[in-house]
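A short write-up of the structure that comes next.
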Amino acid sequence: QVQLVESGGGLVQAGGSLRLSCVASGRTGSTYAMGWFRQAPGKEREFVAAINWSGGSTNFGDLVKGRFTISRDHAKSTVYLQMNSLKPDDTGVYYCAAVLTVGIPYTTGEYDYWGQGTQVTVSS
């Protein structure tokens, strides 16, 4: 079992930046891929970014490529999502997810563990 807790959300103006953190606890010593997803009101949860277990490979959703980066710190059992050049369309609840795999999954159904989410609001 893996428990995930996100933090770092908040209100920011368009063009600004935020860094989200996701701290994992439990069986974190295995090869877990980590991902970030977001969900806006009335919309489906969508893929934002993912990183493989070693941190050597990443994947991003088309809407955030070039603006967001993902990284992980194994010593702290933490994955980060750095969000730059934020737009109002980036508003939503951001969820951290984990799955035991050597790949980099990008669909919600591939992830086994989820955090409670953190709200990001970008004002225009």
Inset, instruction - Go through (1) modelled with pLDDT under 95; (2) in contact with a helix residue (DSSP H, G or I) (Cβ under 7 Å, 6 or more places away or on another chain) and name the single condition Arg45 misses. - result: (1)
Inset, instruction - Evaluate the range 63-70: report whether one residue or more is within 20 Å of Gln3 (Cβ to Cβ), touching a residue at least 12 places away in the same chain (Cβ under 8 Å) and among the aromatic types (Phe, Trp, Tyr). - result: no
Legend entry - Residues (open to solvent by less than 30 Å² (accessible area, probe 1.4 Å) and at pLDDT below 95) located in the range 1-23: Val2
Legend entry - Matching entry among Thr101, Thr58 (being on the phi < 0 side of the Ramachandran plot and at pLDDT 95 or above): Thr58
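The values are calculated or read from the model by the stated rules, or taken from the named source; none is laboratory data. All of these numbers come straight from a predicted model, not from anything done at the bench. All Cβ positions, even for glycine, are placed from backbone atoms using ideal geometry, and neighbour counts span all protein chains on display. We work out accessible area using only protein heavy atoms, side chains counted, and drop any ligands, DNA or RNA first. Shrake-Rupley method; radii C 1.70, N 1.55, O 1.52, S 1.80 Å.
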